[in-house]
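Heads up: the structure comes next, in structure tokens.
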There are 2 protein chains.
Amino acid sequence: MISDVSPFRQLVAKLRRLAPIDEADEAAVLALPHRVGRARARDYLIREGSKPHECCALIDGYAARSKLGVNGGRQIVSFHIPGDILDIQHLFLERADHNVQVISDATLVWVPMAAMRALATQRPTIGTAFWRDALIDASIFREWVLNVGRRDAKTRIAHMLCEFIVRRAAAGLGTAEQTQLPFSQEEIGDATGLTSVHVNRMLRELAEAGLIVRKGRSLEIVDWDGFRRAAGFDAAYLHLAA
Amino acid sequence: MISDVSPFRQLVAKLRRLAPIDEADEAAVLALPHRVGRARARDYLIREGSKPHECCALIDGYAARSKLGVNGGRQIVSFHIPGDILDIQHLFLERADHNVQVISDATLVWVPMAAMRALATQRPTIGTAFWRDALIDASIFREWVLNVGRRDAKTRIAHMLCEFIVRRAAAGLGTAEQTQLPFSQEEIGDATGLTSVHVNRMLRELAEAGLIVRKGRSLEIVDWDGFRRAAGFDAAYLHLAA
DNA sequence: CGGTTCTTTGACGAGATTCAATGCCGGTGG
DNA sequence: CCACCGGCATTGAATCTCGTCAAAGAACCG
């Protein structure tokens, strides 16, 4: 399929939200050597222990980072939306310390790591955008430690969903009430440190409280303010204002 | 007290472990404008919501990053040792999204943020070291999400202590058997998402298993291999080899 | 349609929290 | 030097949240 839209459109939009990049910066991104790829739900993009030589960014679909516990249990440590760079850490770290998987069918753009590194150094504003992106990622991980460590199951699930919706909205991908959340209950469990069984029970309670509606396998928020309040969600840690 | 040792000695050593910095790089660090400060156990260095204009690094003592839950519960998200930069994130993010507290009496060096930022851009190798430091921090946060989300209480505590000991050893601050761990049981609980009561019970079991010895308020590992095995600890995520 | 994946529900058990009381240690001041 | 005090550590009992196991039902896919 030949498209008149650059595979870097979402990425450029994201970088623009992170730093005041100019036209030369944008041109440099668009000129990056690359290939576009597709992946199907559950495909691995990066495996723990590997040494990635390409950097990939999401064009369409959703992805998750995860680690495996000794008992075989999976812990998802973050979710990603179109425009996100999925492995900026390998600009400066050789070996992957976690897995990256898509959780829906997805389209991706792959760029040689060396080209990304060169871009970051030759275009300082883009370098700053990369820095901010990595630091915001770290802030999100900290919030997840708090989420999993100190919130009860219902609040925990709601908080994780709030974050996803707010990030999605900030990327111009739809408001809370419009968003169909793409997670299975098992994925929600793996992200919150709960079992899918318990996630199911909590979702039922959230539905009984009139905050969400479950339609088949996906769910929607119907009372955003109430939901946000139930989650105790404060978006400050996302550092959305540039 | 006038000292012939630079307040940047530990920091330079750390940067050297992260990237091949040369003598000019080192000279640039040593020439940084700065002031040395002291703090007492439990003092705050950075408060959530503030806008730091100085960057601080630990010279002596220990520190922790923490966030507060709605119910008032504290979640510690990382511990820090001498040489660590405590707020590299504020090079590119305006507002603090978490607290930084010292957990023992400590000595610190403060550098204007603008000077640190200039150092990172004018000395590319130091910039790389900063990048690696930030990315390794993020890797540690990911491991903590897994730790708190998917490991049982005893393993969780052991894992967190293993990490601390290994990082300390990597900084040349003593081996496992020599190390007197400086944590109260409440701090261990806040770091692992447990109550101090339950931490107490788990420490007793670890002691009964002959892995640790508790002396008054501090504790020591007596069987490092066994302890490491009990924790299921694999140091890969610390990215120690440069 | 047939198989697979995901959801739902119940009964039971385990692990962690809560509450409350006691003991220990180090520091401070009389 | 001793008495007191505050911060931690320790312990037990009762409780509760969440996990485990198991089975059945619903939605989606080719």
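Listed values, structure above:
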{"item": "Spin-label pair B:S184/A:Q180, simplified geometry with 7 Å Cα→Cβ offset, distance in nm", "result": "5.2 nm"}
{"item": "Carbon plus sulfur fraction of accessible area for the protein assembly as shown, probe 1.4 Å, in percent", "result": "50 percent"}
{"item": "Other-copy label distances relative to B:G172, 7 angstrom Cα-Cβ extension, nm", "result": "5.2"}
{"item": "Cα-centre dipole for chain B with unit charges at Cβ (Lys and Arg positive, Asp and Glu negative), debye to 20", "result": "460 debye"}
{"item": "At 7 Å out from Cα toward Cβ: B:L68 inter-copy label distances (nm, ascending)", "result": "4.1"}
{"item": "Net charge dipole size for region B:9-137 [Lys, Arg +1 and Asp, Glu -1 on Cβ; Debye, nearest 20]", "result": "300 debye"}
{"item": "Copies compared at B:A41 - label distances in nm, ascending, label defined 7 Å from Cα in the Cβ direction", "result": "5.3"}
{"item": "Inter-chain shielding of A:65-77 (mean C-beta neighbours from other protein chains, 10 Å cut-off)", "result": "5"}
{"item": "Residue-normalised accessible area of the protein assembly as shown, given per residue in Å² at a 1.4 Å probe", "result": "42 Å²"}
{"item": "Where A meets B: accessible area buried, both sides, 1.4 Å probe, Å²", "result": "3800 Å²"}
{"item": "Proximal lysines relative to A:K154, as straight alpha-carbon distance under 30 Å, when same-chain residues fewer than 8 apart are discounted", "result": "A:K67, A:K215, B:K67, B:K154"}
{"item": "Solvent exposure, largest accessible area first (probe 1.4 Å, DNA, RNA and ligands not counted), of A:K14, A:K215, B:K51, A:K67", "result": "A:K215, B:K51, A:K14, A:K67"}
{"item": "Residue mean of other protein chain beta carbons inside 10 Å, B:89-97", "result": "6"}
{"item": "Selection from A:H98, A:G72, A:A13, by position along the positive dipole direction of region A:9-130 (Cβ)", "result": "A:G72"}
{"item": "C-alpha center-to-center spacing [region B:94-155, region A:1-52] in angstrom", "result": "27 Å"}
{"item": "For A:130-138, mean number of other protein chain Cβ atoms within 10 Å", "result": "6"}
{"item": "Cα gyration tensor category, rounded, prolate or oblate, for the protein assembly as shown with a/c compared to 1.5", "result": "oblate"}
{"item": "222 nm mean residue ellipticity, helices alone, for chain B (DSSP H n ≥ 4; -39,500 (n - 2.57); rounded to 500)", "result": "-13500 deg cm²/dmol"}
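The values are calculated or read from the model by the stated rules, or taken from the named source; none is laboratory data. Predicted model only: the values in this text are computed from it and were never measured. Every residue, glycine as well, gets a Cβ built from its backbone with ideal geometry; the counts of neighbours run over all protein chains shown. Ligands, DNA and RNA are stripped out before the accessible areas are found, and what is left, the full protein with its side chains, is counted by its heavy atoms. Shrake-Rupley method; radii C 1.70, N 1.55, O 1.52, S 1.80 Å.
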